[in-house]
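Report on the following structure.
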Amino acid sequence: MAKPKKVIITCAVTGAIHTPSMSPHLPITPSEIIDDALNAAEAGAAVLHLHARDPQTGRPDQTPEAFGRFLPQVKQATSAAINITTGGSPYMRVEERVKPAEMFKPEVASLNMGSINFGLYMMLNRYKEFKHDWEPEFLESTRDLVFRNSFKDIEYILTTCYENNTRFEFECYDIAHLYNLKHFLDRGLVKPPLFIQSVFGILGGIGTHAEDVAHMKRTADRLFGDQYEWSVLGAGSAQMRIAAQAASMGANVRVGLEDSLWAGPGKLATSNAEQVKSARQIIEGIGLEIASPEEAREILQLKGSDNVNF
């Protein structure tokens with residue numbers, strides 16, 4: 001009897017959604033990002049998905065210089081595979097968003113597979129005070145925000161990083177994004193195994209109902225068969241519930257303070273490692289094993305940390 005495939009835990013350390021006032025535990029400075037990333041890897045994350053922020057204001061910062069303040073230190077201190085965002089922030093142009101992946105040539109880079117409304121303005125009702133003026137303005141402006149990821153934008157990122165042998169974490173916020181990915185597969189611009197990250201719970205994308213998770217899996221199975229590796233992330237309070245359901249269906253799991261600030265009802269997570277430990281407990285509790293970084297590299301056919309540019 002074949003052994004079950006091991007489960008890859010990805011940790012998304014800081015992201016560009018949550019603002020500094022929402023949690024004192026959100027990593028902002030390079031040293032905080034380094035510490036949280038390394039602790040998450042120690043807890044069991046095989047892949048680290050990284051964004052950068054301005055250390056003074058906490059604003060998302062997609063300059064290569066910002067990433068250069070922590071990428072070498074993280075690589076030196078852990079064997080976990082490093083995944084650099086090309087999503088950046090919804091307000092950035094694609095040319096700005098791709099720069100760090102273009103320069104540093106990581107093993108993995110995220111790639112959003114379609115445009116969506118990206119509503120965060122509901123969070124304004126949860127917080128009475130903000131540390132920085134940009135935070136409430138940023139949240140309110142998402143009432144009229146379309147996160148642009150056109151076919152031209154996607155192709156630009158693919159072709160910019162094509163020669164780097166960087167694999168992509170294809171972020172699919174809705175069923176249509178799976179069809180967009182199939183379009184690029186049919187054109188030969190992406191190659192299996194596809195690492196599909198299904199995103200549940202962003203206002204503007206697919207919801208968090210159990211049937212939404214099942215529908216995403218059924219559609220991916222029909223479109224890609226055995227040509228893909230599936231991973232899931234649930235935004236906010238849905239994080240661990242979706243992780244548990246999807247892991248039992250054969251999925252890999254992504255957690256981290258980019259996706260959720262919580263460790264339970266009304267309880268802020270004190271670190272990314274806390275969420276990784278919770279996900280690991282779920283995975284091992286249903287009789288599965290987590291993948292080591294080298295096992296994740298084998299499953300995803302990554303090029304290895306010796307072949308990055310940092």
Next item on the list: Have a look at ASP259, ASP221 and point out the one that is closer than 18 Å to GLU171 by Cα and crowded, with 22+ Cβ neighbours inside 10 Å.
Entry: ASP259
Checklist line | Residues within segment 224-236 that are of a type in the set (D, E, K, R) and either crowded, with 19+ Cβ neighbours inside 10 Å or closer than 13 Å to ASN252 by Cβ (or both), tallied | finding: 1
Item checked: Looking only at segment 259-286, and only at residues there that are assigned to a loop (DSSP other than H, G, I, E, B) and among the hydroxyl-bearing types (Ser, Thr, Tyr), the one that is nearest to LYS217 (Cα to Cα) -> SER260
Item checked: Count of segment 124-144 residues which are under 22 Å from the mean Cα position of the chain (by Cα) and surrounded by fewer than 18 Cβ atoms within 10 Å (Cβ to Cβ) -> 0
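Could you go through segment 287-303 and let me know if any residue there is farther than 24 Å from ALA220 by Cα, at pLDDT 95 or above, assigned to a helix (DSSP H, G or I) and out of contact with any Asp or Glu (no Cβ under 7 Å at 6 or more places or on another chain). Even if it seems obvious, please write down each step before you answer.
In the first step, residues of segment 287-303 are kept if they are farther than 24 Å from ALA220 by Cα; the result is 287, 292-294, 303.
Checking the rest, the ones that are also at pLDDT 95 or above come to 287, 292-294, 303.
Now restrict to residues that are assigned to a helix (DSSP H, G or I): 293-294.
Keeping just the survivors that are out of contact with any Asp or Glu (no Cβ under 7 Å at 6 or more places or on another chain) gives 293-294.
Yes: segment 287-303 contains one or more residues that are farther than 24 Å from ALA220 by Cα, at pLDDT 95 or above, assigned to a helix (DSSP H, G or I) and out of contact with any Asp or Glu (no Cβ under 7 Å at 6 or more places or on another chain).
Let's see how each residue does on (1) among the aliphatic types (A, V, I, L, M); (2) more than 22 Å from GLU284 (Cβ to Cβ):
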site: ARG148; (1), (2): no, yes
site: ASN165; (1), (2): no, yes
site: GLN197; (1), (2): no, no
site: GLY207; (1), (2): no, yes
site: ASP226; (1), (2): no, yes
site: VAL232; (1), (2): yes, no
site: SER237; (1), (2): no, yes
site: GLU258; (1), (2): no, yes
Checklist line | In segment 146-203, residue nearest to the chain's Cα centre (by Cα) [restricted to those that are hydroxyl-bearing (Ser, Thr, Tyr) and under 24 Å from LEU120 (Cβ atoms)] | finding: SER198
Margin query: Under 6 Å between Cβ atoms, which residue pairs at least 6 apart in sequence (or on different chains) link something in segment 211-234 that is within 15 Å of GLN245 (Cβ to Cβ) with a partner that is part of a strand (DSSP E or B) and of a type outside the set (A, V, I, L, M, F, W, C)?
Written below: MET216/SER198; SER231/GLN197; SER231/ASN252; SER231/ARG254; VAL232/SER198; LEU233/ARG254
Next item on the list: Could you grab me the full set of residues in segment 32-57 that are surrounded by fewer than 22 Cβ atoms within 10 Å (Cβ to Cβ), more than 23 Å from GLU229 (Cβ to Cβ) and in contact (Cβ under 8 Å) with a residue 60 or more places away in the chain?
Entry: ASN39, GLU42, THR57
Next item on the list: Pick out the one residue from PRO64, PRO24, PRO30 that is of a type outside the set (Phe, Trp, Tyr), under 27 Å from TYR121 (Cβ atoms) and over 17 Å from the mean Cα position of the chain (by Cα).
Entry: PRO24
Note to self: more than 20 Å from ALA77 (Cα to Cα) and either within 18 Å of the chain's Cα centre (by Cα) or at pLDDT below 95 (or both): which single residue out of ALA16, ALA40 fits that description?
What the structure shows: ALA16
Next item on the list: Would you confirm whether any residue within segment 107-120 is in a helix (DSSP H, G or I) and buried (at least 21 other Cβ atoms within 10 Å of the Cβ)?
Entry: no
Notebook entry, point to check: For segment 175-189, what are the residues that are closer than 14 Å to LEU223 by Cα and either touching a strand residue (DSSP E or B) at 6+ places or on another chain (Cβ under 9 Å) or not charged (D, E, K, R) (or both)?
Noted result: ILE175, ALA176, HIS177, LEU178, TYR179, ASN180, LEU181, HIS183, PHE184, LEU185
Item checked: Residues located in segment 57-87, provided they are out of contact with any His (no Cβ under 9 Å at 6 or more places or on another chain) and assigned to a loop (DSSP other than H, G, I, E, B) -> THR63, ARG69, PHE70, THR78, SER79, ALA80, THR86
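The values are calculated or read from the model by the stated rules, or taken from the named source; none is laboratory data. Model, not experiment: these values are computed from the prediction. Here Cβ is always computed from backbone atoms with ideal geometry, including for glycine, and neighbour counts include all displayed protein chains.
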